[in-house]
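Bear in mind these aren't lab numbers, they're just calculated from the coordinates by the rules spelled out. Keep in mind that what you see is a predicted model, and the values were worked out from it rather than measured. Using ideal geometry, Cβ is built from the backbone for each residue, glycine included, and neighbour counts are taken over all protein chains shown.
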Amino acid sequence: MRKTPVLPTSMSNLIHHVSNELHKVERPKLAAMFGECFANTFQTTIQQLEDDSTFVITGDIPAMWLRDSSAQVRTYLLLAKEDPQIADMIEGVVKRQVLYIGLDPYANAFNKEPHGAGHQQDITQMSPWIWERKYEIDSLCYPIQLSYLLWKVTGRTTQFTDDFRSAALSILHLWRVEQEHETQSPYRFQRLNCPPTDTLTREGLGSEVSYTGMTWSGFRPSDDACTYGYLVPSNMFAVVVLGYLVEIANEVWQDTEVSKEALRLAAEIRNGIETSGIIQHPTLGAMYAYETDGLGAYHLMDDANVPSLLSIPYLGYTDISDPMYQRTRNFVLSEANPYYYKGKVAEGIGSPHTPERYIWPISLAVQGLTASSREEKLRLLDLLADTDAGTGFMHEGFHVDDPAKFTRPWFSWANAMFSELVLDVCGHSIMKIVRT
C-alpha cells in the first residue's frame, strides 16, 4: 500500500475536527483509526488520468468496480462544496464510470486501459477493457447516486454530460429488458472450474424467473451469483436512483422523455417489490425477502454487501422507523439469517463470499448507520476498533472468535464505510443528503 504524501487541507482539517470530537468521548484509538481510514482511499487508490477522469482501484485488486469506486469516495462529498479539488476528483470518478458504462453496461469491473487483465477466460462478451463481466444491478445504481449527490452538495451539473445522458438511456433500456429476462436478455455468463457462486446455471442464463415488475440481476453486490434472479435490495436501490434520474432529467436536461420513462420504470419495479418481494414470516410477520424468482420461491437471508436488506434506509428507499423495515431488520440481525454469526468477540452479518463465521466491517458500519440511537452507533464503532487485528484499518471479513483471522488487508470500501459511521456519530451525516 503506497501512500501519496500530502492530503488536501480540507481533508486534514476534517480529520483534525473529528479527532477532537472523538477525544471528547474518550476514544483515542477511534480517532487514530479514522485519520488513517478516511485518508486511505485518497492516498492509496485514486489515480487522476490525462482525460480528467479518476481511476479508483479497490485496494488489493488493481481494477475499478463501478460500485466500490462510488462508495470509496462517498465520504469525500462532505468536503466537495468547499474544496473544488475534491469536487473535481469526484466528478472525474463519474466521468470514468460513464465511459465504462458506455463500453458495456453489463460489466461490473474495468481495467484502466484495454490491456486485457482480469477474467478474460469467462464465457461472456469480454473485452480488453473489462476485468469482470458479472451483471449486478447496483453497478448501475451507484454512479447515478454519486453524480446526483455531487450535484446536491455542490450545485455543479457539469457531470451530466451528453455521455452521461447516453449512459442513463442505456441503463433504462437494460433494466427494461431485464424485466423480461427469460425472453429478451442478451446476457449470458459462465465461468469454468470455479465455485457455483461464481457462475450462472442454464448455460449462463441463471435460474428461471417469471415477470414481477422487478428487474433481473445475475449477481449480488458480493459478486456471488443470485440464487433467484430478483434481488430485492438492489431493486430498491434502482427505484431510488430512478427518482434521481427523474429530477436530473427535469431540472438539468429539461428532458421529459427520460423523466417519463424513469418514472414509469420506477413505479413498475416498486410495485414488483411490494407485491412479489414480501413474505409472511411465521413469527415476525410481513417482511422483505432477499431474493425471489416470481415463481413462488424466496431466499430469506441477508448479505453484508450493500445493497442489503439491512441497508434499506441507507439506500433511501424507506425510513429507519418504517415497520416493514424494522421487522426485516429484526430478522437479518438474528441467527434466523443464515449469515448472521455470533462469536466470542463479535456478532454480525457475514457473506457466503467469505468463510463461515466471518463477519464484515461493512455490515457493522451499516448496522450503525441505520441504528436509531447514538449509543448503538458508538457501541458498533467500539466493536470495529476492537476487531482491527492491530492494523488500524478495516478488512473484508474477520472471524467472530478471533479478529486476527481476516480477509483482504487492503479493502478501501470497508475503510470508507467505517469512516462514514464515524462522521455520522460526529454530526456529519451523508445519509441526510440521501434522504432529502
Which residue, Phe237, Phe189, Phe110, has the most motion in a Gaussian network model of the chain that connects Cα atoms within less than 10 Å? Phe189
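Report the calculated FRET efficiency for Glu208 and Glu50 (r = Cβ-Cβ distance, R0 = 45 Å), to the nearest 0.05.
0.45
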With label points set 7 Å from each Cα along the Cα-to-Cβ direction at Leu263 and Ser372, the distance between them in nm comes to 3.5 nm
Going by how many other beta carbons lie within 10 Å of each one, how would you line up Trp413, Trp253, fewest first? Trp253, Trp413
For the chain: rounded, prolate or oblate by the Cα gyration tensor [a/c cutoff 1.5]: rounded
Please compute the net charge surrounding Tyr340, taking Lys and Arg as +1 and Asp and Glu as -1 over other residues with Cβ under 11 Å from its Cβ. -2
Expressed as a rounded percentage, what relative contact order does the stretch 9-435 have, with Cα pairs under 8 Å and six or more residues apart? 15 percent
Measuring from its Cα centre, the chain shows a charge dipole (+1 at each Lys and Arg Cβ, -1 at each Asp and Glu Cβ) which, in debye to the nearest 20, is 620 debye
Can you sort Asp60, Asp162 by how many other beta carbons sit within 10 Å, fewest first? Asp162, Asp60
In what order do Val209, Val241 fall by count of nearby beta-carbon atoms within 10 Å, going from fewest to most? Val209, Val241
Residue of Pro105, Pro84, Pro307 that the Gaussian network model of the chain assigns the largest fluctuation, springs spanning Cα pairs under 10 Å: Pro84
